[in-house]
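Peer 1: Below: one structure in structure tokens.
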Amino acid sequence: MAASIIFSHNPDEIEPVAQQGDAVPSARVLELVMAHGYADTARAVGVGSAPGLAMEARDFGGAIGVRMVGEVSPVSRIYNQVCGLGIAAPATEALLDEIMAWYTEKELGFHVRLSPAAAPADLPDWLEKRGITRQHPWSSVGAKLYRSTAEPPSIPTALRIEQIDRTRAATLADVLAEIPEYAPATTWRPLAERQVGRAGWRHYLAFDGDRAVAIGALFVDGEAGWLGGGATLPAYRGRGAQGALIARRIRDAAELGCGGWLRKRAMTQRNAPTPRTATCAARV
């Protein structure tokens, strides 16, 4: 079982925003907004939505653990993670052992998204003592970058952006099924079809004429919102789809009262974005 620590936001990336006068949200908001979206997805998918596929979420002392088991792709393995550890309350070594056992019983690797604000200070050492190795935040899993919901730049694109409802959930699933990084489709179709139209979620498609070519999502829960679930068909990358989807979701988040958004940028190496697109989060 492989496990790793991802320092889930980099203070060096947040500091320039603070210098612009933006109020950076608390560590609790930054760390748990995405976790709550993942946990809600796990509740939506549950067990038995597709043969051999299951998602579960569990609270560990205020931290959120999510695991996906079954026929999963490399991308879907990012769901096997713990967010918010040591934020709501200081972590303990006994809690770490409980988390390890939860993933080990399913023979799953997982990530711990560890905030610089996590307590106690010994927490990284406790994790490494258990064989959980560090990764740089600019890894293939990504780093979080926060900014305000001031009007985003205009993104030139010929593609049309539309919010969708449950009646077009299958169309969103069809887009995922054509994206190689998300294979096999059996993992993602039940996720997409059960998530669209669910309370707290908004989903979007980018169209080239009548053809859906890219997707994105906005999740709002209590004090926070999360912009995530971005993906584009290979033939349509580089045409502004994700930039336009992100801009639309920033505007919608602002209309809902969000004060800013937190971008989780997927990277293979520093300053080298992967073909997959960013996920984002916004404070409300």
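The values are calculated or read from the model by the stated rules, or taken from the named source; none is laboratory data. Here the structure is a predicted model, which is why all the values come from computation and not from measurement. Neighbour counts run over all protein chains shown; Cβ positions are idealised from the backbone, glycine included.
Peer 1: Take the residues of the range 52-106 that are among the basic types (Lys, Arg) and buried (at least 16 other Cβ atoms within 10 Å of the Cβ): which is modelled with the lowest pLDDT? Before the answer, list the steps.
Peer 2: Kept after step one, since they are among the basic types (Lys, Arg), are these residues of the range 52-106: 58, 67, 77, 106.
Those still in the list that are buried (at least 16 other Cβ atoms within 10 Å of the Cβ) too: 67, 77.
Values: 67: 92, 77: 72.
Top of the filtered list is 77.
Peer 1: So, in the range 196-225, of the ones that are more than 20 Å from residue 151 (Cβ to Cβ) and aromatic (Phe, Trp, Tyr), which residue ends up modelled with the highest pLDDT?
Peer 2: Checking each candidate, the answer is 207.
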